[in-house]
1. Shape verdict for segment 3-55, please, from the Cα gyration tensor: rounded (a/c under 1.5), prolate (a/b greater than b/c) or oblate.
2. When the helix-only estimate is applied to the chain (DSSP H runs of n ≥ 4, each -39,500 (n - 2.57), divided by the residue count), what is the mean residue ellipticity at 222 nm, nearest 500 deg cm²/dmol?
3. Can you give me the distance in nm between label points at Thr43 and Asp27, each placed 7 Å from the Cα along the Cα-to-Cβ direction?
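Bear in mind that the values in this text are calculations on the coordinates, not laboratory data. Keep in mind that this is a model prediction, so the values were computed, not measured. Cβ: placed from backbone, ideal geometry, glycine included. Neighbour counts: every protein chain shown.
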Amino acid sequence: MAKVSPYHTNSQEYPPKHRNVYHDHDDCPDGKRIKPQHRESGTGGKSRCDECIRLG
């Protein structure tokens, strides 16, 4: 488990639960669901994912 540069998605392919947050852990289950082509760098002004918070 490691921290990574923050990323998020705005793709309508994902439910709001995934679109409304950013991720910063490489083993976050919700973040892993986002396909590489749908990832956008940065936080996007969104809150940090609860799972990423739990991971540290």
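1. Because its axes are fairly even, with a/c under 1.5, segment 3-55 counts as rounded.
2. -4500 deg cm²/dmol
3. Inter-label distance under the simple model: 2.5 nm.
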